[in-house]
Amino acid sequence: MPCSQRKARFLLKEDKARIIGYKPFAIQLIVPAGESTQEIHLGVDTGAKYIGIAATSENKVLAKGEIELRDDIHKNMQTRSELRRTRRNRNLRYRQLRFLNRKRKYGWLPPTVQSKLDATFRWIDKFCDLLPNPVLHIEVGKFDIQKIMNPDIANEEYQNGQCAGYYDVRYFVFARDNYTCQVCKKQNKILNTHHLVYKSKGGSDRADNLITVCTDCHSSENHKEGGILYNWMIKHKKVKQYKEASFMNIIRKRTFQKYSNAVITYGSKTSPYRKELGLDKTHYNDAIAISKIENIKENTQDYFYIKQFRKKKRSLHESIPTRGRRKGKNVNAERRNKNSPCRAGWFMNDMVSFQNIIGWIYGFSGGESGKECVLRDINGKIIKDSKRSKNNPNVKFSDLKFICHNNNWQYQIV
């Protein structure tokens, strides 16, 4: 059960407890303490981007917080594919892409989904290990995506999707637009399907995000800022996507399989109960309502915020091949500062204090023997030195106060 920092120091000093976790900080008694434990309920609000967690006991909120998951895996995989393609092209002969020559195991999920799923279950298991025999409450979501797109759908219409009767979505878009370019309004021209919201900006391949454009109008100039295709993207930035709904459908099934003894609830029950408790809409407040606390007499004002951070990567360069560019000190193809995991005793993702501001080391700069780094706060905002110019994001190591090393997670009490 929670105790004051003073009591925790005494227990550790007298060898009556041991540390079992730092983030969040937790100790375990190593002396008999009787059977005076209270029933604890752990509420978990699952999500595609954030996880809300709250631990309650009787009418007290013991701890609450949010966990932010990684959302950059798809972009990193695209970058890896580009680097591999250029590396194959740099050889004397072209090596074919490894395609459809690997067998996926049963239960395979896309890496973006698998990463979020593993992180969600990892934190649920971690809090279940820290708390003494908690009653686990998990909120899951069940979404009928076709019903969301078409509220009047019924019966066999579920088997006939939006593109039923067409070879693929491309031909459906052409027929929908009457085989007419939507820019110049001309027919009998070579047509392309254009993404209203660019793929590089997170646009999907759904028919609602595609439009018919001829090859003359589908030019690079129209894609740039100020062009007609760019203006279309600005106007259609809110094209509905259902990636989060698909993820919640996946995690619901996996949650049933992994936590068969958990109390399962849904958002339709959580929202009205949270309003009865008088709590605002946040992920950790949803988790409090999910834990089925009857009334709240003690509610801690502070909450923890945990964010996943990509600390290490294996690339030796950033899109610039070292071959043919070995000049000066880089004859051994050493890592550039941009990819260095450490510099002058400082490591990536170290938690530091700069001018009474808590930040994390995001990267290094200042040349081979540089003693500068880039700091960011928990929200990803760059922390700058007020004594330097506004365009200089670097901070000197001598101005930093070391707090602790970190793994791939950032933790802060807000």
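Report, by residue number, each residue of the range 118-144 that is farther than 19 Å from N261 by Cβ and of a type outside the set (D, E, K, R).
Residues of the range 118-144 that are farther than 19 Å from N261 by Cβ, as a first pass: 118-119, 141-144.
Once the filter is applied, which keeps residues that are farther than 19 Å from N261 by Cβ and of a type outside the set (D, E, K, R), the range 118-144 yields A119, G141, F143.
Kindly state which strands (runs of 3 or more DSSP E) lie completely within the range 343-414 and contain at least 2 residues that are among the hydroxyl-bearing types (S, T, Y) and closer than 17 Å to K311 by Cα. Steps first, please.
On the way: elements: 351-354, 357-365, 372-376, 394-396, 401-404, 409-413.
Fully inside the range 343-414 and qualifying: 357-365.
Among the residues of the range 365-407, which ones are surrounded by fewer than 10 Cβ atoms within 10 Å (Cβ to Cβ) and among the polar types (S, T, N, Q)?
Selection gives S369, N379, S386, S389, N391, S398.
Counting only residues that are modelled with pLDDT under 80 and exposed (fewer than 10 other Cβ atoms within 10 Å of the Cβ), how many does the range 324-347 have?
Number of matching residues: 6.
Condition check ((1) on the phi < 0 side of the Ramachandran plot; (2) outside the structural domain of N261 (by TED's automatic domain parsing); (3) under 25 Å from the mean Cα position of the chain (by Cα); (4) part of a loop (DSSP other than H, G, I, E, B)) across all residues:
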| site | (1), (2), (3), (4) |
| --- | --- |
| K75 | yes, yes, yes, no |
| T79 | yes, yes, yes, no |
| E82 | yes, yes, yes, no |
| R85 | yes, yes, no, no |
| S115 | yes, no, yes, no |
| T120 | yes, no, yes, no |
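Tell me the residue from I320, I293 that is over 26 Å from the mean Cα position of the chain (by Cα), modelled with pLDDT of 90 or more, part of a loop (DSSP other than H, G, I, E, B) and on the phi < 0 side of the Ramachandran plot, please.
On the way: I320 fails: modelled with pLDDT of 90 or more.
The unique qualifying residue is I293.
So which residues in the range 355-364 are surrounded by 18 or more Cβ atoms within 10 Å (Cβ to Cβ) and in contact (Cβ under 8 Å) with a residue 40 or more places away in the chain?
W360
Restricting to the range 136-148, name every residue that is within 21 Å of A207 (Cβ to Cβ) and either free of Cβ contacts under 8 Å to residues at least 60 places away in the same chain or not in a helix (DSSP H, G or I) (or both).
F143, D144, Q146, K147
Give me a count of the residues in the range 1-50 that are within 31 Å of the chain's Cα centre (by Cα), assigned to a strand (DSSP E or B) and either of a type in the set (K, R) or surrounded by 14 or more Cβ atoms within 10 Å (Cβ to Cβ) (or both).
8
The values are calculated or read from the model by the stated rules, or taken from the named source; none is laboratory data. All values reported here derive from a predicted model rather than from experimental measurement. Please note: Cβ atoms are built from the backbone with ideal geometry, for glycine as well, and neighbour counts cover all protein chains shown.
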